[in-house]
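Notes to accompany the following structure.
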Amino acid sequence: MDNELIVEKSWWKRNWKWFLPTFLVVFLLLFGVILSSSIDGNVTDIAQAYSDNSLYEKAIEKAKTNERVIELIGEIEPIDKLAILEGNAVYSNNNNSVELSIRVKGNKGKGKMDISAEKNGKEWEYKKINIRIKEPKEEIQILKETIVQK
């Protein structure tokens, strides 16, 4: 009588032929659902805002001149790319209008900057720039939207 030990194959070696294709199909379906379910093209809007540095850099320059911003937030740091990805961007009017909200941080505090702008040629014209701060709860208007009455 032989006392040979029967070695069973591992789960992976027995099941890889069906598991791997199933896993890939499920992954691709989930990835497709995530991309297709973006609300009003928000993924593409954020990607566009991510690539348009002048849009938020010029707004930051305007905010740096506001005394109240300097008092509460301090010197505003340059916007990092993660702040744009965390924010919200909605383009409209053939990508010539934008509503953007991004995180801003200074040496004294932090807040959210809301920008409303329209493109005139290659330059952005700002309609509204606000900074919202939680502590103390305050909204600082850097640039107000002016309504022209006829």
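Laboratory data are not the source of any read-out in this text; all were calculated from the coordinates shown. Because the structure is a prediction, the values reported are computed rather than measured. Positions of Cβ are generated from backbone atoms using ideal geometry, with glycine treated the same way; all protein chains shown enter the neighbour counts.
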| Ascending count of other beta-carbon atoms within 10 Å, so fewest first, for Ser10, Ser97 | Ser10, Ser97
| task | Rank these for me by crowding, Val98, Val90, going from fewest to most other beta carbons within 10 Å. | result | Val90, Val98
| query | Would you list Trp16, Trp11 from fewest to most Cβ contacts within 10 Å? | reply | Trp11, Trp16
| task | Hand me the GluC sites (Glu not before Pro) from the range 69-107 located in a DSSP loop with no more than 12 other Cβ atoms within 10 Å, in residue order please. | result | Glu75
| field | Rg over Rh [alpha-carbon atoms, Kirkwood Rh] for the range 47-111 | value | 1.00
| said: Run the reach check for Lys108 against aspartates and glutamates, Cα to Cα strictly under 20 Å, same-chain hits fewer than 8 apart removed. What comes back? | reply: Glu57, Glu61, Glu67, Glu71, Glu75, Glu77, Asp80, Glu135, Glu138, Glu139
| message | Under the 0.36 nm per residue contour assumption, what length would be gained going from the current alpha-carbon distance of Val33 and Ile6 to full extension? | response | 5.2 nm
| Full extension from Lys105 to Glu118: what is 0.36 nm times the residue separation minus their Cα-Cα distance, to one decimal in nm? | 2.2 nm
| request: May I ask you to list the lysines whose Cα is less than 26 Å away from that of Lys110, ignoring any residue fewer than eight positions away on the same chain? | output: Lys58, Lys62, Lys64, Lys81, Lys127, Lys128, Lys134, Lys137, Lys144
| field | Centre separation in Å (Cα based) which lies between the range 54-79 and the range 88-146 | value | 11 Å
| request: Starting from the Cα of Ser97, step 7 Å toward the Cβ, then list every residue of the range 126-143 with an amide N under 16 Å from that point. | output: 126-129
| task | Compare the Cα positions of Asn120, Ala63, Gly74 along the charge dipole of the range 41-143 (+1 at Cβ of Lys, Arg; -1 at Cβ of Asp, Glu; about the Cα centre) and return the one farthest towards the positive end. | result | Gly74
